[in-house]
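Everything on this sheet refers to the single structure shown next.
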Amino acid sequence: WVIGYGHIVSPADCFGDIITPSQAEILLSADIDICEQFLHENIGITLGQFQYDALISLIFSCGKTQVMQTGILNDIAQGNYAKATEIWRHEQMLNGKYIPSLAALRQAECELFTINDCPQSALSHAGV
């Protein structure tokens, strides 16, 4: 079950059938914080802001387990961006189901990732 801006409701969550826009934004912020912490723990290199943003989108959309299973983060950490983005473009599974409509999102994420922005300490900018 998903609520707000893509928050997957867990058994620990207590929501009615409707949440307010403010509640949805709080959930989104908390979910993004989780994605940022996960990226910080698993990438080990400095990323440019566009790279960072694209990876956060991927993690938020796919989930941490799925992202780890793809090997994308390992390839990026080793500098093999071409291999990582090739895998990334075809990552169209969600909860074990193939979702063709994710193709446009993955393409946009890969394009964002490959924009030539100067690597900055995106992780420190994010407060991680």
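For the subset of the stretch 28-39 comprising residues that are of a type outside the set (A, V, I, L, M) and under 12 Å from Lys64 (Cα atoms), which member is most open to solvent (accessible area, probe 1.4 Å)? Within the stretch 28-39, the match that is most open to solvent (accessible area, probe 1.4 Å) is Gln37. Count of the stretch 70-83 residues, restricted to those that are of a type outside the set (D, E, K, R) and open to solvent by 40 Å² or more (accessible area, probe 1.4 Å), is 7.
Residues in the stretch 84-128 that are in a helix (DSSP H, G or I), at pLDDT below 80 and open to solvent by 50 Å² or more (accessible area, probe 1.4 Å): Ser124, His125. Evaluate the stretch 8-29: report whether one residue or more is at pLDDT 90 or above and within 22 Å of Gln107 (Cβ to Cβ). Within the stretch 8-29, none of the residues are at pLDDT 90 or above and within 22 Å of Gln107 (Cβ to Cβ). I'd like the residue in the stretch 50-69 that is under 13 Å from the mean Cα position of the chain (by Cα) and polar (S, T, N, Q) and, out of all such residues, is surrounded by the most Cβ atoms within 10 Å (Cβ to Cβ). By that ranking, first place goes to Gln51. Residues of the stretch 12-27 that are open to solvent by 80 Å² or more (accessible area, probe 1.4 Å) and part of a loop (DSSP other than H, G, I, E, B): Ala12, Cys14, Asp17, Ile18.
The values are calculated or read from the model by the stated rules, or taken from the named source; none is laboratory data. Keep in mind it's a predicted model, so treat the numbers as computed, not measured. All Cβ positions, even for glycine, are placed from backbone atoms using ideal geometry, and neighbour counts span all protein chains on display. Side chains are part of the model used for accessible areas, which takes the heavy atoms of the whole protein and leaves out ligands, DNA and RNA. Shrake-Rupley method; radii C 1.70, N 1.55, O 1.52, S 1.80 Å.
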